[in-house]
1. Buried (at least 16 other Cβ atoms within 10 Å of the Cβ), at negative phi and within 15 Å of the chain's Cα centre (by Cα), is that true of residue 175?
2. Residue 189 - would you say it is under 17 Å from the mean Cα position of the chain (by Cα) and crowded, with 19+ Cβ neighbours inside 10 Å?
3. Kindly check whether there is at least one residue in the range 84-97 that is surrounded by 15 or more Cβ atoms within 10 Å (Cβ to Cβ), out of contact with any strand residue (DSSP E or B) (no Cβ under 7 Å at 6 or more places or on another chain), at pLDDT below 95 and in a strand (DSSP E or B).
4. Does any residue of the range 25-36 turn out to be surrounded by fewer than 21 Cβ atoms within 10 Å (Cβ to Cβ) and modelled with pLDDT of 80 or more?
5. Among the helices (runs of 4 or more DSSP H) confined wholly to the range 99-166, which include 2 or more residues that are over 30 Å from residue 235 (Cβ atoms)?
6. For the range 212-234, what are the residues that are surrounded by 18 or more Cβ atoms within 10 Å (Cβ to Cβ) and either part of a helix (DSSP H, G or I) or modelled with pLDDT of 95 or more (or both)?
7. For the range 193-211, how many residues meet the condition of being over 13 Å from the mean Cα position of the chain (by Cα) and modelled with pLDDT of 90 or more?
């Protein structure tokens, strides 16, 4: 089932440690700091501001992976804009794994960065980190290893604006951490904007990263309203620039 849209030294745009794009400081140990680099989003002030407003974003993303998949990997994520992505919110353009640190560069849909609410951009950063992490694991592990490590995770395909197939991942409702995962996503959005109706918050938390049959048509509509504020139905914080 296809749902559109979800499927260096200290620097203002770098949340966490330094050591370059992939955070390889030579050691790359488990104690390496989680890092989110948003410098390439500066041309989209709204998205760039979100990272500044959430100094613990990198730690939250790492904890999300740990709580959902039982992995204690550190994260080192660089977000950058990309034009012409159509219904695809983001895609992993590169990734690596070394000494317990998962590093990835994630392209975010430029139209999402222009026209979505701040809450939608925030949840997209969470969702796309999950897609990047699972996608990297899928291509580097054998099928049997992947199934053993990540049970109840389904893959689905959508096409970007150029017709290229993009593989995304979703939690089956039978996944052990399905409930806690939704709660964690809801809490992240609610912490950012407590005034957003809980129905809208849950919709954004779910669409694109949980099993399609677990998402109602009303939730899809609510999610899409936040994805494109030009429709005039969004309830979240609109970007002023």
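The values are calculated or read from the model by the stated rules, or taken from the named source; none is laboratory data. As the structure is a prediction and not an experimental result, all values here were calculated from the model. Because the Cβ atoms are built from the backbone with ideal geometry, glycine has one as well, and the counts that use them run over all protein chains shown.
1. Details: buried (at least 16 other Cβ atoms within 10 Å of the Cβ): yes; at negative phi: yes; within 15 Å of the chain's Cα centre (by Cα): no.
In short, no.
2. Criteria met by residue 189.
3. yes
4. Scanning the range 25-36 turns up no residue that is surrounded by fewer than 21 Cβ atoms within 10 Å (Cβ to Cβ) and modelled with pLDDT of 80 or more.
5. 118-140, 143-149
6. 219, 220, 222, 223, 224, 225, 226, 227, 228, 229, 234
7. 11
The rows are residues; the columns are (1) more than 24 Å from residue 81 (Cα to Cα); (2) touching a strand residue (DSSP E or B) at 6+ places or on another chain (Cβ under 9 Å).
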{"residue": "136", "(1), (2)": "no, yes"}
{"residue": "145", "(1), (2)": "yes, no"}
{"residue": "176", "(1), (2)": "yes, no"}
{"residue": "184", "(1), (2)": "yes, no"}
{"residue": "229", "(1), (2)": "no, no"}
{"residue": "233", "(1), (2)": "yes, no"}
